[in-house]
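First comes the structure, then the notes that go with it.
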Amino acid sequence: MAHDPVVVGVAGSVAVGKTTFAARLADACGGVVVSTDGFLLPNSVLEHAGLLDRKGFPESFDVDALVWFLQTVRTDEQIDGLPRY
């Protein structure tokens, strides 16, 4: 019996253990961790836009790529290569 994919977002301050928590949750559920760091715009783009000091804030992400990824997961399509930071 097939199941719809479930996406769980983990939010919190810097260095509070989000990645550790996500990894343990994924191990327990047989899931995969995909960090939003993989959706950060390249430093050269951030620098050109004057946003290098805002890296990690919402305006420093490739929103189109993130939306595409979530829509692809939602439709249960095959994703070749997850974004890596």
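Quick notes on this one:
- Residue in the range 65-78 that is assigned to a loop (DSSP other than H, G, I, E, B), open to solvent by less than 50 Å² (accessible area, probe 1.4 Å) and free of Cβ contacts under 8 Å to residues at least 24 places away in the same chain present: no
- Residues in the range 1-52 that are closer than 25 Å to V73 by Cβ and either in contact with an Asp or Glu (Cβ under 7 Å, 6 or more places away or on another chain) or of a type in the set (D, E) (or both): D4, P5, D27, D37, F39, L41.
- The condition of being polar (S, T, N, Q), in contact with a strand residue (DSSP E or B) (Cβ under 7 Å, 6 or more places away or on another chain) and free of Cβ contacts under 8 Å to residues at least 24 places away in the same chain holds for only one of S60, S44, that being S60.
- The range 5-33 residues that are within 17 Å of L70 (Cα to Cα), paired with ones that are open to solvent by less than 100 Å² (accessible area, probe 1.4 Å) and basic (K, R) (beta carbon under 8 Å, 6 or more apart): V10/K18; A11/K18
- Any hit, the range 7-19, residues being part of a helix (DSSP H, G or I), among the β-branched types (V, I, T) and out of contact with any Ser or Thr (no Cβ under 8 Å at 6 or more places or on another chain): no
The values are calculated or read from the model by the stated rules, or taken from the named source; none is laboratory data. Note that the structure is a prediction, hence the values are computed from the model and not measured. Neighbour counts run over all protein chains shown; Cβ positions are idealised from the backbone, glycine included. Side chains included, ligands, DNA and RNA excluded: accessible areas come from the protein's heavy atoms. Shrake-Rupley method; radii C 1.70, N 1.55, O 1.52, S 1.80 Å.
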